[in-house]
Amino acid sequence: MPKVKINGQEVEVEAGLTVLQACEQIGVEIPRFCYHERLSIAGNCRMCLVEVKPGPPKPAASCALPVGEGMEIFTDTPMVKRARNGVMEFLLINHPLDCPICDQGGECDLQDQAMAYGYDGSRYAENKRAVKEKYMGPLVKTIMTRCIHCTRCIRFASEVAGVDAIGMLNRGEHAEITSLEQAIQSELSGNVIDLCPVGALTSKPYAFAARSWELSKTESIDVMDAVGCNIRVDARGNEVMRVLPRLNEDVNEEWISDKSRFACDGLLRQRLDRPYVRNAQGKLEEASWGDALRAVAAKITAAGPAKVAALAGDLCDVESMYALRGLMAAIGSPHLDCRQDGAALDPSVRASYLFNTTIAGIEAADACLLIGTNPRWEAPLVNARLRKRWLRGGFPVGVVGPRHDLTYDCDYLGAGPETLEQLSTGRHAFVETLKKAEKPMLILGMGALARRDGAAVLSAAREIAAQAGMVDSGNGDGWNGFNVLHTAAARVGGLDIGFVPGKGGKGTAEILEGAEKGEIAVVYLLGADEIDAARLKKAFVVYQGHHGDAGAHAADVILPGAAYTEKSGLYVNTEGRVQLGARAVFPPGDAREDWAILRALSGELGKPLPYDTQDALRDKLRRELPGFLAIDTVEPSPSGASWGAFGKAGPLGGEAFRSPIANFYMTDPISRSSVTMAKCADELANSGKATGTDG
């Protein structure tokens, strides 16, 4: 570890660090525009100048200068101050004076650093250069006259997102950032808005909507997929204005997907804000809470426990599923399921349905097998981690299932079950690649599990993991390379609390079949919109949710619930991490939090649940399942002999694996109600990037 002096203070720093990083470690602030911790070093803004001895008597760019033994670094000498003043003056030469109308105002690095390191006036009297705005799609608004050519957006697109969508034309004073008038073909494109240190790239849906200081800011969890990205919800009054990423190195680093960021306008549209009951003429009409709950209670009582079933949707919080599970147990019905798509997941072995490697653990793997999954659509942040690991080299990736451009090189092994059978029996060449790896991993997607032969697929995947030594490798590292990638934020939480059929109970497929045959008389849909609602015509359907989607159209009684931004709730992400979402706004109209609706219904049925507050509910949940006490941690899954058997060995079907997502931008009631997501789907449909066309 080299010893250096920073402003007269002697410190030891890690070998290989740059001067800028060394200064940051001891709390010395260095201004910068082009440098970013997660991007390659460009060294083109020159704002990070420092004085270094020994060396030439001139300022040096600290972001690109490695530390060396005996180096003396000065960050506050007159030379450094004059150099930074000069750089800032040049950066502002062509910058427009439109701070009052700029959406970056109040959050702008250029504003902050101009105040701290710039002159108090300008000596520039010539005409400013103007640059034509560029088209980058329905999400990113450009005002390119403000651009200072830091190239952060270019480096993010090519390095993190893996698409060469943004570049620079010309040189010197005529340089321009452009996407060649095309939409950015990436599920992570919105992150360039956060990266832009000036107001050149801003949010098009949010343009001129609000000021940062007007907004209340709430730290919460995203539910658009099962990654559990950490987000900040910015609201004004009772309206969510925007969603931004929060830093969490173990989950999403500092990125979020475009759906997580921009689908929030769907929270305002097609909302259920009052109870409805279908009348004798077959039309839904408004009702009071008392009338709606009495109608539901009467139907449940008349049907009897054997003819009542419940399905939980993909966006449900743990508390609401726990309350519904308690209600079903109270009336004596075993027919419940949280697997809308019928995925053959085994709830008896927790490691069989988790992303055991963990998302951050991907960076330690040295081989990967993808089975029936397209992580670029199903979990863009997991895909970004896979690309990050691939860029370091020595990371062969094999794909079984549909072909997709995953932004990194893959070996396409086959379309489905035949290839999987060859892998599980050791007859495929890629098995040797996995065996040679020290830390191999596989990722099993819902495209392989949500099938009739899903249990056999799960068993075959476990056999591959066993053959390749993915679990209990014998070196004591605790590595578990078996991973299931979920697409639903509620799925792992539902499996953890046992929201699955009880003894003699029916699962999703059997419930739908029973409803068609008249064996199930009442179906309670807790935000369940991804099922074939047409099969429920003979049953009495109760829909509890927040949007007028498929479930609500099939319902006989509608009970308006709260969306994820309107309630405090626990969620468990695909790796088994318990996370706490917070309420940013209140539900509209007469809508109520989901657990409270179920508690009121239990009282109407004469079987009141044993809690009256959410805190009491959580206390009961945590006494029964202590794992919910640990927030934002992942308990390692057991390995080796204690891992347990799961799946069901049997013949595999002949049909190829298919992606569970047909349109990345519309996968749930919120995103389907979003005007912004509709524009994205329409914009990108012609290229096949958003709508399931194999690339």
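Let's see how each residue does on (1) free of Cβ contacts under 8 Å to residues at least 24 places away in the same chain; (2) within 17 Å of I148 (Cα to Cα):
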position	(1), (2)
I41	yes, yes
L65	no, no
T75	no, no
R84	no, yes
I93	no, yes
I101	no, no
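Does region 218-229 hold any residues that are crowded, with 22+ Cβ neighbours inside 10 Å, touching a strand residue (DSSP E or B) at 6+ places or on another chain (Cβ under 6 Å) and on the phi < 0 side of the Ramachandran plot, and which are they? Matches in region 218-229: S220, I221, D222. Pairs linking a residue in region 295-321 that is touching a residue at least 40 places away in the same chain (Cβ under 8 Å) to a residue that is assigned to a helix (DSSP H, G or I) and aromatic (F, W, Y), with Cβ atoms under 7 Å and 6 or more positions apart or on different chains, are L315/Y564; E319/W595; S320/W595. Taking region 54-91, which residues are part of a loop (DSSP other than H, G, I, E, B) and either at pLDDT 95 or above or surrounded by 19 or more Cβ atoms within 10 Å (Cβ to Cβ) (or both)? Matches in region 54-91: P59, L65, V67, M71, T75. Considering A323, A351, the condition of being within 20 Å of K299 (Cα to Cα) and in a helix (DSSP H, G or I) is satisfied by A323 alone. Annotation: E181 fulfils all but one of (1) open to solvent by 60 Å² or more (accessible area, probe 1.4 Å); (2) modelled with pLDDT under 95; (3) within 23 Å of F33 (Cβ to Cβ); the unmet one is (3).
Every residue, every condition in (1) under 23 Å from the mean Cα position of the chain (by Cα); (2) in contact (Cβ under 8 Å) with a residue 40 or more places away in the chain; (3) not in a helix (DSSP H, G or I), yes or no:
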site	(1), (2), (3)
A330	no, yes, no
L345	yes, yes, yes
L369	yes, yes, yes
W377	yes, yes, no
L381	yes, yes, no
A384	yes, yes, no
G393	no, no, yes
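Residue-by-condition table, conditions (1) within 29 Å of M328 (Cβ to Cβ); (2) among the basic types (K, R); (3) open to solvent by less than 40 Å² (accessible area, probe 1.4 Å):
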{"residue": "D250", "(1), (2), (3)": "no, no, no"}
{"residue": "S257", "(1), (2), (3)": "no, no, yes"}
{"residue": "A263", "(1), (2), (3)": "no, no, yes"}
{"residue": "R274", "(1), (2), (3)": "yes, yes, no"}
{"residue": "E285", "(1), (2), (3)": "yes, no, no"}
{"residue": "W289", "(1), (2), (3)": "yes, no, no"}
{"residue": "A292", "(1), (2), (3)": "yes, no, yes"}
{"residue": "A303", "(1), (2), (3)": "yes, no, yes"}
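For region 591-615, filtering for residues that are surrounded by 13 or more Cβ atoms within 10 Å (Cβ to Cβ), free of Cβ contacts under 8 Å to residues at least 24 places away in the same chain and in a helix (DSSP H, G or I) leaves 2.
For Q281, are the conditions met, namely being assigned to a loop (DSSP other than H, G, I, E, B) and without any contact (Cβ under 8 Å) to a residue 24 or more places away in the chain? Against the criterion (assigned to a loop (DSSP other than H, G, I, E, B) and without any contact (Cβ under 8 Å) to a residue 24 or more places away in the chain), Q281 qualifies. Looking across I362, I331, one residue alone is out of contact with any strand residue (DSSP E or B) (no Cβ under 6 Å at 6 or more places or on another chain) and open to solvent by less than 10 Å² (accessible area, probe 1.4 Å). It is I362.
Residues that are open to solvent by less than 40 Å² (accessible area, probe 1.4 Å), under 26 Å from L268 (Cα atoms) and either part of a strand (DSSP E or B) or touching a helix residue (DSSP H, G or I) at 6+ places or on another chain (Cβ under 8 Å) (or both) within region 577-587 comprise Q579, G581, A584, V585, P587, listed in sequence order. Name every residue in region 516-528 that is surrounded by fewer than 24 Cβ atoms within 10 Å (Cβ to Cβ) and over 23 Å from D594 (Cα atoms), in order of residue number. Passing the criteria: E516, K517, G518, E519. Among the residues making up region 119-147, a single one is within 18 Å of M47 (Cβ to Cβ) and open to solvent by less than 20 Å² (accessible area, probe 1.4 Å): R146.
For region 1-50, a residue qualifies if it is open to solvent by 60 Å² or more (accessible area, probe 1.4 Å), among the aliphatic types (A, V, I, L, M) and in contact with a helix residue (DSSP H, G or I) (Cβ under 8 Å, 6 or more places away or on another chain), and exactly one does: I41. Here N94 passes the criteria (1) open to solvent by 20 Å² or more (accessible area, probe 1.4 Å); (2) in contact with a helix residue (DSSP H, G or I) (Cβ under 8 Å, 6 or more places away or on another chain); (3) more than 30 Å from A209 (Cα to Cα) except the one numbered (3).
Among the residues of region 164-176, those that are open to solvent by 20 Å² or more (accessible area, probe 1.4 Å) and in contact with a helix residue (DSSP H, G or I) (Cβ under 9 Å, 6 or more places away or on another chain) comprise D164, A165, G167, M168, E176. Among the residues of region 305-320, the ones that are part of a helix (DSSP H, G or I) and either open to solvent by less than 40 Å² (accessible area, probe 1.4 Å) or under 28 Å from L625 (Cβ atoms) (or both) come to 5 in all. Remark: pairs (first residue in region 433-458, in contact (Cβ under 8 Å) with a residue 60 or more places away in the chain and over 22 Å from A226 (Cα atoms); second residue acidic (D, E) and open to solvent by 10 Å² or more (accessible area, probe 1.4 Å); Cβ separation under 8 Å; 6+ apart in sequence or on different chains) = A437/D366; E438/D366; K439/D366; K439/D477; P440/D366.
Inspection of region 252-259 finds a residue satisfying the criterion of being closer than 23 Å to P587 by Cβ, under 12 Å from the mean Cα position of the chain (by Cα), among the charged types (D, E, K, R) and outside any strand (DSSP E or B). The criterion of at least 2 residues that are of a type in the set (A, V, I, L, M) is met, among strands (runs of 3 or more DSSP E) falling completely within region 103-179, by 167-169.
The values are calculated or read from the model by the stated rules, or taken from the named source; none is laboratory data. None of these values were measured; they are calculated from a predicted model. Don't worry about glycine lacking a Cβ; one is built from the backbone with ideal geometry, like all the others, and counts go over all protein chains shown. Accessible surface is based on the protein model in full, side chains and every heavy atom, while ligands, DNA and RNA are left aside. Shrake-Rupley method; radii C 1.70, N 1.55, O 1.52, S 1.80 Å.
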